[in-house]
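Peer 1: Attaching a single structure in structure tokens format; questions to follow.
The values are calculated or read from the model by the stated rules, or taken from the named source; none is laboratory data. No experiment lies behind these values; they were computed from the predicted model shown. With ideal geometry, Cβ positions are generated from the backbone for all residues, glycine too; neighbour counts draw on all protein chains shown.
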Amino acid sequence: MSTVRLILGDQLNPEHPWFREVDPGVTYVLMEVRSETDYVLHHAQKVLAIFAGMRRLADQLRGAGHRVRYFRIGDADNAQDLAGNLRIAMRERKARRFEHQEPDEWRVDQVLAAFRASCGAEAAVVPSGHFLDARDGVARHFGADRGRWLMESYYRAMRRRTGLLMDARGEPEGGKWNFDHDNRKPWKGDPPAPRPWDGAADLGGLWREIQDAGVPTFGEPSASAFPWPLDRKEALAHLRAFVKRGLPDFGDYEDAMHTSSDRLFHSRLSHALNLKLLSPREVAEAAVDAHRADPGRIPLAATEGFVRQIIGWREYIRGVYWARMPGYAEANGLGHELPLPSWFWTGKVRMNCLRHAIGQSLATAYAHHIQRLMVIGSFCLVAGVRPRDVDRWFLGVYIDAFEWVELPNVIGMSQHADGGFLASKPYCGAAAYVNKMSDYCKGCAYDPKDRLGPLACPLNALYWDFWLRHADRFANNPRIGMAVRQAIGMPEAEKRAVRAKAAALRADIESL
Ligand code: FAD
Ligand code: DLZ
Ligand code: SF4
């Protein structure tokens, strides 16, 4: 019986159990389609990385003897959507069975469920085998507790379950679950940031095909020296390079930002992980093994901090996504309605922190966590930008952005639009935070120490106005009550001045 198996653009794991045996009755289908390139405006590097990754996997599968049907973006017979091309492939192969791996996005899940129901063949969904936990694993962990889900509780359960960084007595290594307090240093140039270990593939031909097909994109393509790994072998080389060069200082400088280095000591592995070129288990194990082999050079605090991102945050975020979809994308708990400023698409803004973080994102399709959370996201939150606009920008711009991971980070963690379900406090900062953790304020057109003057840093008035506007909601939150009480405690005249300044900044947001 002939079978068609779909491989999505973010399911590029060549070690999936599907590929262990060559079965001439099975055809693997991969497709470059406008339904997937156009549901949001994507960064050029994201489209390039996904197409190039799919082409590499297709070549590998063919090389191993598997049968592959590949739809290129410019092919005349490309129906340009998942169901249309699946119908073509099933007809061509006279397939009586259809299989696909569990997708990670709610929209795609719906499309494939509808196709299974209508394709007139036997159909089955198999696990992608990528994640450490099931889609509903986080929901099951918290059970009937529908209030706030604390990541830390889930993370500890995952440490126990995986045995990662656990000692022989079943206690956390080093006697503590979390070494975050050690991970908050600014970076002043020492130790030197590691040299980039990115690749330089020439994707010029593919970029021309994408342009000829009329796929809309934004951002710098970097097609002639493409820096991202395109297959598992390259991704493993990136993992090894990070463990050797980045991990030793990852913890100390996890929250630092600097104009001279886009990544500092971060791994840039989210892309390879999200495309499933690497598994979360092997990434976390590589860090733990390196620490065990040389604890003097790779401290426990750095290793624990990194492992927490992978087996804690990443899995937790996915669980929140599946628990809250559909509908999560529409959440706007703080009632923010300001349109996203147009300079998000150009980087042309005088605020140096935003110019740098947005400019870097447009140039490289990457920003590290604190740039996303405490510069770009924080600005949107205190300015009161519509969360849906923020979501659309974040989903398009980053190489690693897939809705299952992007949406909870934006709607929950960054914009606090879900009523505090995911994050116990809104993450935002005034200029003092940016000035402490980066060198952005040096040479900025604005004064980080001023709140109300003509050249005062816009973040300051917006930040205090944010707490004033939402004082009722947050006054009793023990994690942020101080900031709110400080705002409420301002003399009335100062409150009026802050409100007026923030209103003027919002009205003039396009000219910041
Ligand atoms: P590192 O700092 O080296 O961390 C290692 C790995 O941990 C990452 O590769 C990633 O897989 C995982 N990780 C760390 N933090 C998170 C987190 N909060 N959620 C999920 N995984 C995490 N991550 C995405 O993969 N895709 C997104 O679209 C995305 N959007 C974000 C939007 C906002 C507003 C914020 C605040 C965070 C977002 N993140 C997203 C999480 C995080 O910022 C990125 O995973 C990280 O910056 C990727 O860079 P890195 O690989 O160098 O990470
Ligand atoms: C993001 C993306 C893009 C830009 N293009 C494709 C594509 O042409 N073919 C494909 O199979 N997948 C693509 N993807 C990824 C999907 O849109 C979707 O985000 C993921 O499969 C969801 O987990
Ligand atoms: Fe950003 Fe304000 Fe510092 Fe300028 S002064 S870099 S706008 S925080």
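Peer 1: Quick one: count up the residues across segment 400-438 that are in contact (Cβ under 8 Å) with a residue 12 or more places away in the chain and either within 16 Å of ligand 2 (Cβ to nearest atom) or in a loop (DSSP other than H, G, I, E, B) (or both). Outline the logic, then answer.
Peer 2: Step one: filter segment 400-438 for residues in contact (Cβ under 8 Å) with a residue 12 or more places away in the chain, giving 400-422, 424-438.
Pick out the ones that are also either within 16 Å of ligand 2 (Cβ to nearest atom) or in a loop (DSSP other than H, G, I, E, B) (or both) and you get 400-410, 415-422, 424-430, 438.
Selection size over segment 400-438: 27.
Peer 1: Which members of segment 83-110 meet the condition of being touching a strand residue (DSSP E or B) at 6+ places or on another chain (Cβ under 9 Å), farther than 30 Å from residue 405 by Cβ and assigned to a loop (DSSP other than H, G, I, E, B)?
Peer 2: Correct list: 95, 96.
Peer 1: Same structure again: Which numbered condition trips up residue 49, out of (1) touching a residue at least 60 places away in the same chain (Cβ under 8 Å); (2) closer than 18 Å to residue 277 by Cα; (3) more than 10 Å from ligand 2 (Cβ to nearest atom)?
Peer 2: Unmet for residue 49, out of (1) touching a residue at least 60 places away in the same chain (Cβ under 8 Å); (2) closer than 18 Å to residue 277 by Cα; (3) more than 10 Å from ligand 2 (Cβ to nearest atom): (3).
Peer 1: Would you check if there is a residue in segment 361-368 being within 16 Å of ligand 2 (Cβ to nearest atom), crowded, with 20+ Cβ neighbours inside 10 Å and of a type in the set (Gly, Ala, Ser)?
Peer 2: Yes.
Peer 1: I want to confirm something. Restricting to segment 111-130 and keeping residues that are part of a helix (DSSP H, G or I) and surrounded by 13 or more Cβ atoms within 10 Å (Cβ to Cβ), which single residue is farthest from ligand 3 (Cβ to nearest atom)? Talk me through it step by step, then tell me what you get.
Peer 2: Initial filter on segment 111-130 (part of a helix (DSSP H, G or I)): 111-118.
Applying the additional criterion that residues be surrounded by 13 or more Cβ atoms within 10 Å (Cβ to Cβ) yields 111-113, 115-116.
Working: 111: 42, 112: 44, 113: 46, 115: 48, 116: 50 Å.
Among residues in segment 111-130 that are part of a helix (DSSP H, G or I) and surrounded by 13 or more Cβ atoms within 10 Å (Cβ to Cβ), the one farthest from ligand 3 (Cβ to nearest atom) is 116.
Peer 1: Please identify the pairs in which a residue from segment 145-172 that is without any contact (Cβ under 8 Å) to a residue 24 or more places away in the chain has its Cβ atom under 6 Å from the Cβ atom of a residue that is part of a loop (DSSP other than H, G, I, E, B), counting only partners at least 6 apart or on another chain.
Peer 2: 156/177
Peer 1: When you scan segment 471-492, do you find a residue that is part of a loop (DSSP other than H, G, I, E, B), modelled with pLDDT of 95 or more and either closer than 23 Å to residue 376 by Cβ or in contact with a Gly (Cβ under 6 Å, 6 or more places away or on another chain) (or both), even just one?
Peer 2: no
Peer 1: Go through 60, 80 for me and flag whichever is assigned to a loop (DSSP other than H, G, I, E, B), surrounded by fewer than 23 Cβ atoms within 10 Å (Cβ to Cβ) and of a type outside the set (Val, Ile, Thr). Talk me through it step by step, then tell me what you get.
Peer 2: Working: 60 fails: assigned to a loop (DSSP other than H, G, I, E, B).
Checking each option against the conditions leaves just 80.
Peer 1: While we're looking at this one, here's another question. Tally time: how many residues in segment 256-275 are buried (at least 22 other Cβ atoms within 10 Å of the Cβ) and charged (D, E, K, R)?
Peer 2: Looking only at that region, the number is 1.
Peer 1: Moving on. Does any residue of segment 197-210 turn out to be assigned to a loop (DSSP other than H, G, I, E, B) and in contact with a Lys or Arg (Cβ under 8 Å, 6 or more places away or on another chain)? Let's see the steps before the verdict.
Peer 2: Filtering segment 197-210 for residues assigned to a loop (DSSP other than H, G, I, E, B) gives 197-200, 202-203.
Keeping just the survivors that are in contact with a Lys or Arg (Cβ under 8 Å, 6 or more places away or on another chain) gives 197-198.
For segment 197-210, residues assigned to a loop (DSSP other than H, G, I, E, B) and in contact with a Lys or Arg (Cβ under 8 Å, 6 or more places away or on another chain): present.
Peer 1: Another question about this same structure. Select from segment 443-458 the residues that are modelled with pLDDT of 95 or more and near ligand 3 (Cβ under 10 Å from one of its atoms) and list them in ascending order. I'd like the intermediate steps shown before the answer.
Peer 2: Within segment 443-458, the first condition is being modelled with pLDDT of 95 or more, and the residues that meet it are 444-458.
Of everything in segment 443-458, those that are modelled with pLDDT of 95 or more and near ligand 3 (Cβ under 10 Å from one of its atoms) turn out to be 444, 445, 446, 447, 448, 449, 450, 455, 456, 457, 458.
Peer 1: Scanning segment 334-351 for residues that are farther than 18 Å from residue 220 by Cβ and either out of contact with any helix residue (DSSP H, G or I) (no Cβ under 9 Å at 6 or more places or on another chain) or among the charged types (D, E, K, R) (or both), which turns out farthest from ligand 2 (Cβ to nearest atom)?
Peer 2: Filtering first and then ranking leaves 350.
Peer 1: Another question, then. Please determine, by comparing only the residues of segment 1-48 that are assigned to a helix (DSSP H, G or I) and basic (Lys, Arg), which one is nearest to ligand 3 (Cβ to nearest atom). I'd like the intermediate steps shown before the answer.
Peer 2: The first filter runs over segment 1-48 and keeps only residues assigned to a helix (DSSP H, G or I), leaving 17-20, 34-37, 44-48.
From what is left, the residues that are basic (Lys, Arg) are 20, 34, 46.
Values: 20: 52, 34: 38, 46: 27 Å.
The extreme case among them is 46.
Peer 1: Moving on. Give the number of residues within segment 470-512 that are surrounded by 15 or more Cβ atoms within 10 Å (Cβ to Cβ) and either in contact with a Leu (Cβ under 9 Å, 6 or more places away or on another chain) or acidic (Asp, Glu) (or both).
Peer 2: The total comes to 15.
Peer 1: Does residue 375 qualify as being β-branched (Val, Ile, Thr), more than 9 Å from ligand 1 (Cβ to nearest atom) and at pLDDT 95 or above?
Peer 2: Working: β-branched (Val, Ile, Thr): yes; more than 9 Å from ligand 1 (Cβ to nearest atom): yes; at pLDDT 95 or above: yes.
So residue 375 fits the description; yes.
Peer 1: Further question on the same structure: Restrict the check to segment 458-467 and report whether at least one residue is of a type in the set (Gly, Ala, Ser) and over 30 Å from the mean Cα position of the chain (by Cα).
Peer 2: Of segment 458-467, the ones of a type in the set (Gly, Ala, Ser) are 461.
Going one step further and asking which of them are over 30 Å from the mean Cα position of the chain (by Cα), we end up with none.
Scanning segment 458-467, I find no residue that is of a type in the set (Gly, Ala, Ser) and over 30 Å from the mean Cα position of the chain (by Cα), so the answer is no.
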